[in-house]
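Colleague: Below is a structure I'd like to ask you about.
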Amino acid sequence: MELFKELLDYAEYLNQNPFHQNLGVSLKEYGSLEKKIIRETYLSVNPENKIPFSEEMDDLIRLHYLVTSRKVTTILEIGIGKSTIMFDHALEQNKLKYGDFINKNLRRSNPFECHSVDNNEKWIELTKSTYPTTKNVTYHYCPCHVTTFNDRISTLYDNLPNICPDLIYLDAPDQFSPIGDVRGISTNHPDRLPMSADILTFEHFLLPGTLIVVDGRTANARFLKTNLQRDWNYYHSEEYDQHFFELKETPLGIYNKRQIEFCLGPNWKKNLKKNPDKS
């Protein structure tokens, strides 16, 4: 997969970027970094579950790699958890390596910030108390309601941080916590599926080069794919159980162009569609 073409050795990458230490993970006890964790059939759709899922190191390593290899500056994380701590570490690495250049040369008003959104105050407090030393994370408690988008039943958070992310990680809400229903239909059922529409409401503000990662949530990813209106490259990895959307458009101006060239490299612009604003 093009996004991970230079991630050849998970163990070596983690040796160079030991974010597992911030999570308190013992690699000796964890075992193979590429092992697949199989959960009980109803665990992920159990509304009574109060225990955070254990870390999946292969997923976290790939996400960390995306942040560092793409020189990500600003993250919108929808759904807090182990990934929050990993993102904090990755942004700190980027800050140390590229902070001076980015602050002087790019127009990024929230550099090296991860804004983590969740509609569960208890999860937020648990994460903050378990990992109190984060440097680059701002937590946002945002209630979530069942509503519609283009007459399709979905969910929306009541408020979101007013930032311009270059990486969006979608891993919430679950189907049980959004409030309300539309004509009796809601996501609050074990056989229903999460259906977040938030990204669709601010798609037009996103900059070319933005990457969206959807963790699992295949029905939600297909809903996004059907309704996104700009030129996105889409890839579904069944192996990783993740979906990737990359906004492949010509730069909006000199600052976006400068950001793309620094963060993603000069070859990123290859194979772009002809600028629709020019004949």
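Colleague: Would you please list the contacts, defined by Cβ atoms under 9 Å and residues six or more apart or on different chains, that run from a residue in the stretch 210-225 that is farther than 16 Å from LEU76 by Cβ to a residue that is among the aromatic types (Phe, Trp, Tyr)?
Modeller: ALA221/TYR234; ALA221/PHE245; PHE223/PHE149; LYS225/TRP232; LYS225/TYR234; LYS225/PHE245
Colleague: Within the stretch 251-279, restricting attention to residues that are polar (S, T, N, Q) and modelled with pLDDT of 95 or more, which residue is surrounded by the most Cβ atoms within 10 Å (Cβ to Cβ)? If you could, list the steps in order and put the result at the bottom.
Modeller: Start the filter on the stretch 251-279 by keeping residues that are polar (S, T, N, Q), which leaves 256, 259, 267, 271, 275, 279.
Checking the rest, the ones that are also modelled with pLDDT of 95 or more come to 256, 259.
Working: ASN256: 17, GLN259: 23.
Only one residue tops the list, namely GLN259.
Residues checked against (1) touching an Asp or Glu at 6+ places or on another chain (Cβ under 9 Å); (2) surrounded by 19 or more Cβ atoms within 10 Å (Cβ to Cβ); (3) closer than 21 Å to LEU247 by Cβ; (4) among the polar types (S, T, N, Q):
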{"site": "THR84", "(1), (2), (3), (4)": "yes, yes, no, yes"}
{"site": "PHE87", "(1), (2), (3), (4)": "yes, yes, yes, no"}
{"site": "GLN93", "(1), (2), (3), (4)": "no, no, no, yes"}
{"site": "ASP100", "(1), (2), (3), (4)": "no, no, no, no"}
{"site": "ASN105", "(1), (2), (3), (4)": "no, no, no, yes"}
{"site": "PRO111", "(1), (2), (3), (4)": "no, no, yes, no"}
{"site": "CYS114", "(1), (2), (3), (4)": "yes, yes, yes, no"}
{"site": "VAL117", "(1), (2), (3), (4)": "yes, yes, yes, no"}
{"site": "LYS122", "(1), (2), (3), (4)": "no, no, no, no"}
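Colleague: Which one of these is crowded, with 18+ Cβ neighbours inside 10 Å and not polar (S, T, N, Q): LEU193, LEU228, LEU247? Can you show your working first?
Modeller: Values: LEU193 fails: crowded, with 18+ Cβ neighbours inside 10 Å; LEU228 fails: crowded, with 18+ Cβ neighbours inside 10 Å.
Exactly one residue qualifies, and that residue is LEU247.
Colleague: Okay, next question. Count, please, the residues in the stretch 141-162 that happen to be farther than 16 Å from ILE80 by Cβ and surrounded by 18 or more Cβ atoms within 10 Å (Cβ to Cβ).
Modeller: Summing the residues that are farther than 16 Å from ILE80 by Cβ and surrounded by 18 or more Cβ atoms within 10 Å (Cβ to Cβ) in the stretch 141-162 gives 4.
Colleague: Here are some conditions: (1) under 15 Å from LEU66 (Cα atoms); (2) touching a helix residue (DSSP H, G or I) at 6+ places or on another chain (Cβ under 9 Å). ASN105 meets all but one. Which one does it not meet?
Modeller: Condition (1) is where ASN105 drops out.
Colleague: Based on this model, can you work out whether ASN150 counts as within 30 Å of ASN256 (Cβ to Cβ) and touching a Cys at 6+ places or on another chain (Cβ under 6 Å)? Lay out the reasoning, then the answer.
Modeller: Values: within 30 Å of ASN256 (Cβ to Cβ): yes; touching a Cys at 6+ places or on another chain (Cβ under 6 Å): no.
No: the conditions fail for ASN150.
Colleague: It is to be established whether one or more residues within the stretch 258-266 are in contact with an Asp or Glu (Cβ under 8 Å, 6 or more places away or on another chain) and of a type in the set (Lys, Arg). Before you say what the answer is, go through the steps one by one.
Modeller: We begin by selecting, within the stretch 258-266, every residue in contact with an Asp or Glu (Cβ under 8 Å, 6 or more places away or on another chain); these are 259, 263.
Checking the rest, the ones that are also of a type in the set (Lys, Arg) come to none.
No, there is no match, as no residue in the stretch 258-266 is in contact with an Asp or Glu (Cβ under 8 Å, 6 or more places away or on another chain) and of a type in the set (Lys, Arg).
Colleague: Here is a list: PRO132, PRO111. Which entry is part of a loop (DSSP other than H, G, I, E, B), without any contact (Cβ under 8 Å) to a residue 40 or more places away in the chain, within 30 Å of GLN93 (Cβ to Cβ) and touching a helix residue (DSSP H, G or I) at 6+ places or on another chain (Cβ under 6 Å)? So that I can check it myself, show each step before the final result.
Modeller: Numbers: PRO132 fails: touching a helix residue (DSSP H, G or I) at 6+ places or on another chain (Cβ under 6 Å).
Testing whether each residue is part of a loop (DSSP other than H, G, I, E, B), without any contact (Cβ under 8 Å) to a residue 40 or more places away in the chain, within 30 Å of GLN93 (Cβ to Cβ) and touching a helix residue (DSSP H, G or I) at 6+ places or on another chain (Cβ under 6 Å) leaves just PRO111.
Colleague: Out of the stretch 127-140, which residues are farther than 28 Å from GLN259 by Cα and surrounded by fewer than 14 Cβ atoms within 10 Å (Cβ to Cβ)?
Modeller: Of the stretch 127-140, the ones farther than 28 Å from GLN259 by Cα are 127-133.
Result: SER129, THR130, PRO132, THR133.
Colleague: Among residues belonging to the stretch 182-209 that are touching a helix residue (DSSP H, G or I) at 6+ places or on another chain (Cβ under 7 Å) and without any contact (Cβ under 8 Å) to a residue 40 or more places away in the chain, point out the one that is farthest from SER154 (Cα to Cα).
Modeller: If we filter the stretch 182-209 for residues that are touching a helix residue (DSSP H, G or I) at 6+ places or on another chain (Cβ under 7 Å), which is where we start, we get 190, 193-196, 199-200, 207-209.
Filter again for without any contact (Cβ under 8 Å) to a residue 40 or more places away in the chain, leaving 193-194, 199.
Details: LEU193: 10, PRO194: 8, ILE199: 12 Å.
The qualifying residue farthest from SER154 (Cα to Cα) is ILE199.
The values are calculated or read from the model by the stated rules, or taken from the named source; none is laboratory data. This structure is a prediction, so every number in the text was calculated from the model and none was measured. Cβ sites come from the backbone with ideal geometry, for glycine too, and all protein chains shown count toward neighbours.
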